[in-house]
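**Student:** For reference, the structure I am asking about is given below.
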Amino acid sequence: MYMRPKRAPLSPLSERRTVLGVGGVAVDILATVDSYPNPDDKIRSTSLKVQGGGNAGNALTCAVRLGLNARLISKIADDAQGRGILEELQSDSVDTSFPVVSKDGNSPFTYIIVDNETKTRTCIHTPGFPPMIPDDLSKSNLSAALDGVRLLYSDVRLHETAIVIA
């Protein structure tokens with residue numbers, strides 16, 4: 001019989017362990033299919049799930065679950081998808097005080113076709129518009145976002161903004 005070695009309990013993480021994520025967030029629409037369709041086929045999905053996504057959003061959600069404080073810099077539109085993205089991140093305890101919200105445009109979303117037969121997935125990404133640029137963040141907001149940050153995560157989707165922040 002295998003017995004795991006006893007481990008000391010994890011010590012509580014300091015209040016100052018904050019990771020700042022700079023990059024993409026999105027709504028992911030996952031459709032699972034028995035097998036990937038051929039051109040011009042019409043098939044039915046076996047399941048459908050709508051959830052938050054994007055590399056920065058996923059990384060920060062994981063960071064929170066590992067006990068870190070997480071803060072986001074990204075850009076979304078003032079639309080239903082953007083509000084849903086922020087609500088889901090907030091429910092996961094990600095600090096969403098700093099995303100730039102565009103009054104016009106659209107928030108990013110990704111269609112993901114999950115193929116049960118080959119155990120693969122195909123992602124069709126629709127970027128948000130307008131894209132984030134470094135001037136979208138005021139110096140005072142940037143300074144506040146960086147307060148207490150000990151780790152910076154960038155998925156390079158917003159590379160110009162990430163370079164300014166780094």
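**Student:** Could you go through region 36-53 and let me know if any residue there is of a type in the set (D, E, K, R), assigned to a strand (DSSP E or B), touching a strand residue (DSSP E or B) at 6+ places or on another chain (Cβ under 6 Å) and surrounded by fewer than 14 Cβ atoms within 10 Å (Cβ to Cβ). Spell out how you get there, then give the answer.
**Tutor:** Of region 36-53, the ones of a type in the set (D, E, K, R) are 40-42, 44, 49.
From the residues that got through so far, the ones that are assigned to a strand (DSSP E or B) too are 49.
Cutting the leftovers down to touching a strand residue (DSSP E or B) at 6+ places or on another chain (Cβ under 6 Å) gives us 49.
If we keep only those that are surrounded by fewer than 14 Cβ atoms within 10 Å (Cβ to Cβ) too, we end up with 49.
Yes, some residue in region 36-53 is of a type in the set (D, E, K, R), assigned to a strand (DSSP E or B), touching a strand residue (DSSP E or B) at 6+ places or on another chain (Cβ under 6 Å) and surrounded by fewer than 14 Cβ atoms within 10 Å (Cβ to Cβ).
**Student:** Consider region 139-162. How many of its residues are closer than 21 Å to PHE129 by Cβ, of a type in the set (A, V, I, L, M) and in a helix (DSSP H, G or I)?
**Tutor:** 1
**Student:** Take ALA77 and tell me if it is without any contact (Cβ under 8 Å) to a residue 60 or more places away in the chain, closer than 19 Å to ASP28 by Cα and surrounded by 14 or more Cβ atoms within 10 Å (Cβ to Cβ). First the steps, then the outcome.
**Tutor:** Values: without any contact (Cβ under 8 Å) to a residue 60 or more places away in the chain: yes; closer than 19 Å to ASP28 by Cα: yes; surrounded by 14 or more Cβ atoms within 10 Å (Cβ to Cβ): yes.
When the stated conditions are applied, ALA77 passes them.
**Student:** Could you figure out which of (1) among the aliphatic types (A, V, I, L, M); (2) surrounded by fewer than 18 Cβ atoms within 10 Å (Cβ to Cβ); (3) in contact with a helix residue (DSSP H, G or I) (Cβ under 7 Å, 6 or more places away or on another chain); (4) not in a strand (DSSP E or B) isn't true of VAL64?
**Tutor:** Among (1) among the aliphatic types (A, V, I, L, M); (2) surrounded by fewer than 18 Cβ atoms within 10 Å (Cβ to Cβ); (3) in contact with a helix residue (DSSP H, G or I) (Cβ under 7 Å, 6 or more places away or on another chain); (4) not in a strand (DSSP E or B), the lone unmet condition for VAL64 is (3).
**Student:** Taking ALA26, is it under 30 Å from SER143 (Cα atoms), buried (at least 21 other Cβ atoms within 10 Å of the Cβ) and touching an Asp or Glu at 6+ places or on another chain (Cβ under 6 Å)? First the steps, then the outcome.
**Tutor:** Numbers: under 30 Å from SER143 (Cα atoms): yes; buried (at least 21 other Cβ atoms within 10 Å of the Cβ): yes; touching an Asp or Glu at 6+ places or on another chain (Cβ under 6 Å): no.
No, not satisfied.
**Student:** Just one of (1) in contact with a Pro (Cβ under 7 Å, 6 or more places away or on another chain); (2) part of a loop (DSSP other than H, G, I, E, B) trips up ILE76, so point out which.
**Tutor:** (2)
**Student:** Taking the stated definitions as given, is SER45 at pLDDT below 95, more than 22 Å from VAL101 (Cβ to Cβ) and over 21 Å from the mean Cα position of the chain (by Cα)? Please lay out each step first, then the result.
**Tutor:** Numbers: at pLDDT below 95: no; more than 22 Å from VAL101 (Cβ to Cβ): yes; over 21 Å from the mean Cα position of the chain (by Cα): yes.
Answer is no for this residue.
**Student:** Looking at this structure, is ARG16 surrounded by fewer than 16 Cβ atoms within 10 Å (Cβ to Cβ) and at pLDDT below 95?
**Tutor:** Details: surrounded by fewer than 16 Cβ atoms within 10 Å (Cβ to Cβ): yes; at pLDDT below 95: yes.
Yes, satisfied.
**Student:** Shifting gears a bit: Counting just the residues of region 82-116 that are in a loop (DSSP other than H, G, I, E, B) and of a type outside the set (S, T, N, Q), which one comes out surrounded by the fewest Cβ atoms within 10 Å (Cβ to Cβ)? If you could, list the steps in order and put the result at the bottom.
**Tutor:** We begin by selecting, within region 82-116, every residue in a loop (DSSP other than H, G, I, E, B); these are 92-93, 96-99, 103-105, 107-108, 116.
If we keep only those that are of a type outside the set (S, T, N, Q) too, we end up with 92, 98-99, 103-105, 108.
Numbers: ASP92: 17, PHE98: 17, PRO99: 23, LYS103: 7, ASP104: 9, GLY105: 15, PRO108: 26.
The residue in question is LYS103.
**Student:** OK, next. Tell me the residue from ALA56, ALA70 that is buried (at least 23 other Cβ atoms within 10 Å of the Cβ), under 13 Å from the mean Cα position of the chain (by Cα) and in a strand (DSSP E or B), please. If you could, list the steps in order and put the result at the bottom.
**Tutor:** Working: ALA56 fails: in a strand (DSSP E or B).
After applying the criteria, what remains is ALA70.
**Student:** Then there's this: How many residues are in contact (Cβ under 8 Å) with a residue 12 or more places away in the chain, loosely packed, with under 15 Cβ neighbours inside 10 Å and not aromatic (Phe, Trp, Tyr) when one looks only at region 128-151?
**Tutor:** Taking region 128-151 as the starting set, the residues that turn out to be in contact (Cβ under 8 Å) with a residue 12 or more places away in the chain are 128-134, 136-137, 141-142, 144-146, 148-151.
Now narrow it down to the ones that are loosely packed, with under 15 Cβ neighbours inside 10 Å: 129-130, 133-134, 141, 144, 148, 150-151.
Cutting the leftovers down to not aromatic (Phe, Trp, Tyr) gives us 130, 133-134, 141, 144, 148, 150-151.
Counting residues in region 128-151 that are in contact (Cβ under 8 Å) with a residue 12 or more places away in the chain, loosely packed, with under 15 Cβ neighbours inside 10 Å and not aromatic (Phe, Trp, Tyr) gives 8.
The values are calculated or read from the model by the stated rules, or taken from the named source; none is laboratory data. The model shown is predicted, which means the values in this text are computed figures rather than measured ones. A quick note on method: Cβ atoms are made from the backbone with ideal geometry, for glycine too, and the neighbour counts reach across all protein chains shown.
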